[in-house]
Amino acid sequence: MRLVKRFCFAVLLFCVVLFAVLNPHAVRLNLLFTPAGFRLPLSLLVTGVFLAGFLLGCGTGLWGGVVRRAKGEATETKETKEGS
């Protein structure tokens, strides 16, 4: 299994490096259709978007766990009060 994971990581790393090498040109990123904007390499922009999505997904998952845990504790205290 370790060999499969390393192979998949190597293929993924190769694809990321290939994407970065083949797309070195800069693209202009405009903010809300205003003249304020800046230029970024396309590979950096795509990597940033994926990273932001990953962090947003992790944060949402953690927040959902906190909410479920809080609801579970509220239900447990309610059940123990009713049982007393």
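FYI, it's all coordinate maths here, none of it is from the lab. Since this is a predicted model, take the numbers as computed values, not measurements.
Would you calculate a helix-derived [θ] at 222 nm for the chain, using -39,500 (n - 2.57) for each DSSP H run of n ≥ 4 and dividing by the full residue count, to the nearest 500?
Result for the chain: -27000 deg cm²/dmol, rounded to the nearest 500.
Largest first and in whole Å, what are the equivalent-ellipsoid semi-axes of the chain based on the Cα gyration tensor, each being the root of 5 times an eigenvalue?
The equivalent ellipsoid of the chain has semi-axes of 44, 25, 4 Å.
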